[in-house]
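What follows is calculated from the coordinates using simple rules that are stated; it is not laboratory data. As the structure is a prediction and not an experimental result, all values here were calculated from the model. Note that each Cβ is placed from the backbone with ideal geometry, even for glycine, and that neighbours are counted across all protein chains shown.
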Amino acid sequence: MSDNDHLRQAFDEGQELGTQSEAARWREALARDSENSERHVYTTGGIKDNRSKPRVDLLPSLPLIEISKVMSYGASRYGDNNWRLGLPWCDTYGSIQRHLLAWKNREDIDADTRLSHLAHAGAQLLYLLEYELTHTGTDDRWTPPKEEA
């Protein structure tokens, strides 16, 4: 049962929560909380408002651990954070595709690293997204020539 559920139960049962002003503050906070599931009131009196913040708690743990294994392997081979220096985007994309094609052909584990091809593709995809968001590396995607007017 969450802190908010305990507080609601305490109010419903008429339990003493301290002074009248404290109880009023709790009632007001709980009313606001019931209107917005991203607002949390804790038994300590602390209030946390997570509106407009990304829900990183929804990320799946097991795939992230597998991707971390790939990144640990890469760090041991190339150095910590080497990927942050930036690579050509199409090289990274090519690596993603190779790992996905190997997986599609029922090769689940990379022969060189003994790690999941999907985890390798996931790591590379995270790198590529980071490059795009931070303008790191070289955007070497093919661009069609502009037609002359």
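The label point for THR43 and the one for ARG141, both projected 7 Å from the Cα toward the Cβ, are 5.1 nm apart.
For the stretch 52-87, which trypsin sites (Lys or Arg not before Pro) are in a loop by DSSP, counting at most 15 other Cβ atoms within 10 Å?
ARG55
Compactness of the stretch 61-134 was expressed as the Cα radius of gyration divided by 2.2 N^0.38 Å, which yields 1.04. Using the Cβ of ALA123 as centre and a radius below 12 Å, the other residues enclosed give a net charge of -2, where K and R count +1 and D and E count -1.
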